[in-house]
Amino acid sequence: MSGKLYIKTHGCQMNEYDSSKMADVLAASHGLELTTNEADADVILINTCSIREKAQEKVFSQLGRWKELKQAKPALVIGVGGCVASQEGAAIVKRAPYVDLVFGPQTLHRLPQMIEMRRSTQRPQVDISFPEIEKFDHLPEPRKEGPAAFVSIMEGCSKYCSYCVVPYTRGEEISRPFDDVIAEIAALADQGVREITLLGQNVNAWRGPTHDGAIVDLGVLIHAIDQLDGIGRIRFMTSHPLEFSDSLIEAYANVPKLANYLHLPVQSGSDRVLKAMKRGYTRAWFLDKVAMARKKIPNLSISSDLIVAFPGETEEEFAESLQLIEDARFDFLFSFLYSARPGTVAAEMQPVANAVAKARLMRLFDLQAGIQAERMQAFMGTTAEVLVDGRDERGEPVPAGQHRYHGRDRHWKTVVFTSPVPLEIGSLAEVKIDHASPHQLKGSLVVSAATTPCRTPVAKTALPLA
Ligand code: 5AD
Ligand code: SF4
């Protein structure tokens, strides 16, 4: 069978990763090609994440619109994947009988068989089991076009924070074996990938079995990736502060390819709220961890997540979150309004009034905007190592005789820069920063009189420095 596949994705990077794997599996099994037009598609999938939003209603209203497509084209296959599928299971088919497939994050590799079963039995297929790590064994070889790729190294989470649905929708933590991860990254490097982001809900908890029966941790994995030819930069996310261990801090010191970037979600600045969230640390402990990481890892950029208006959060407790933000000075902060997730412990607690919650979020945005602007300003006049991601055609015209590119530096900041010579996508360029706005840095390539175009993708100084 050949045909077209349309995937609608809502949610985090793990979900984006899962969607790209769905496309890979169905390209390999059924020759399906991705389309951006749902009306053209033979298979339509929706892959949602319910971590912060009431995704259920979104899914059903989307399905309502797709019902018409199905009436026009009865052979159309409609599938629901991701966390909503995990939570609702067969109830989806009950409520929307025109849905053909319901699959969870751990069963997406079974999509080809599910499609076949649907066709042969004429019955909707529901598989939302957690067959451990089987998923990764049944995925085709990774394919990648850009120079940066995400690699999921573990699934699920066993932390059970009181507000969070992930342990229920993605299951308990389970790590992919060491050799599989290395093989996937080596294959990506062969295809021109230069930057790898290791993904997991609680990635520091990764403990991978090796072929000789040992169990190794994330620090060891990072050292091994460092040895792979072609990979020039490594990142990992998301880290739980409790598991951000000394061995990981050491890895930064010993592996220059490890980017100067750490995502360390704090969630609240109040000890009482942290306890109610079951985070397992206090505000002072978190700030110590940040101070230690900054001391041991020069020029470290840190981002964090923070939840506003957790049930029962008082004005004073919110003020403690503001104070923590002042103290920690994050480079980026992802802040979220608390949202009750069915089945979690916090969903039973008394919520904060919506208007109060929203007003708090605005105050937090204002405070962080100033801090972020200040953190970006600190990069003025520095030289950034930028992984060239693509040509930048937007905005002002490019000056004659120049080329303009965008990419990310070692701090995961977006950098737009001009170059007098054409550069290869995927090369690392040294860029002098001469402009900083809250969301991006701008600059120009560091060149000498004897400039030659970038040819060596991973050489740190692909160009002679001035
Ligand atoms: N409400 C609001 N934010 C949440 N997050 C997780 N669960 C919830 C919830 N119920 C946020 C946390 C987490 C990020 C991925 O999403 O900050 O770190
Ligand atoms: Fe959810 Fe907590 Fe696990 Fe993060 S660590 S995925 S917030 S349960």
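Every number in this text was worked out from the coordinates using simple rules, so none of it is lab data. Only a predicted model underlies this, so the values are computations on that prediction, with no experimental measurement involved. Quick reminder, even Gly has a Cβ in these numbers, built from the backbone with ideal geometry, and neighbours come from all protein chains shown.
General remarks:
- Under the combined filter of DSSP loop state and at most 13 neighbouring Cβ atoms within 10 Å, segment 357-407 retains these trypsin sites (Lys or Arg not before Pro): Arg394.
- For the chain, the Cβ-based charge dipole about the Cα centre amounts to some 820 debye (Lys, Arg positive; Asp, Glu negative; other atoms uncharged).
- Residue exposure proxy: Thr314, Thr414, Thr121, Thr197, ordered by other Cβ atoms within 10 angstrom of their Cβ from fewest to most, comes out as Thr121, Thr314, Thr414, Thr197.
- Summarised in one figure, the compactness ratio Rg/Rh of segment 257-350, Cα atoms and Kirkwood Rh, is 1.00.
- Dimensionless Rg over Rh [segment 317-373; C-alpha; Kirkwood]: 1.03
- Cα centroid separation - segment 174-243 against segment 316-361, whole Å: 32 Å
- Residues His109, His406, arranged from fewest to most other Cβ atoms within 10 angstrom of their Cβ, appear as His406, His109.
- For the pair Ala359 and Ser158 in one chain, pulling the backbone fully straight at 0.36 nm per residue adds 69.1 nm over the alpha carbon distance.
- Segment 100-254: C-alpha gyration tensor shape, a/c 1.5 cut-off, then a/b vs b/c: oblate
- Segment 55-190: equivalent-ellipsoid semi-axes (sqrt of 5 x gyration tensor eigenvalues, Cα, Å): 29, 20, 14
- Per-residue ellipticity at 222 nm from helix content only, as computed over the chain with -39500 (n - 2.57) for each DSSP H run of at least four residues, stands at -10500 deg cm²/dmol.
- Distances between every pair of Cα atoms in segment 372-415, grouped in 5 Å steps from 0 to the bin holding the largest one, split as 5, 18, 25, 20, 23, 8, 1 percent.
- Rounded, prolate or oblate (a/c below 1.5 giving rounded, otherwise prolate when a/b exceeds b/c) for the chain by Cα gyration tensor: oblate
- Over 20 Å (Cα to Cα) - which of Lys21/Lys257; Lys21/Lys144; Lys4/Lys67; Lys159/Lys257; Lys413/Lys442 fall in this group: Lys21/Lys257; Lys159/Lys257
- Residues Trp285, Trp412, sorted so that the one with the fewest Cβ neighbours within 10 Å comes first: Trp285, Trp412
- On the basis of the beta-carbon distance and an R0 of 60 Å, Glu374 and Arg118 show a calculated FRET efficiency of 0.65.
- 5 angstrom amide H check on Phe334, placed H, neighbours 5+ away: Ser304, Asp305, Leu306
- Shape class of segment 328-442 from the alpha-carbon gyration tensor: prolate, with a/c at 1.5 or above and a/b greater than b/c.
- J(HN,Hα) series, segment 174-179, from Karplus relation 6.51 cos²θ - 1.76 cosθ + 1.60, nearest Hz, glycine and proline x: 8, 9, 6, x, 3, 5
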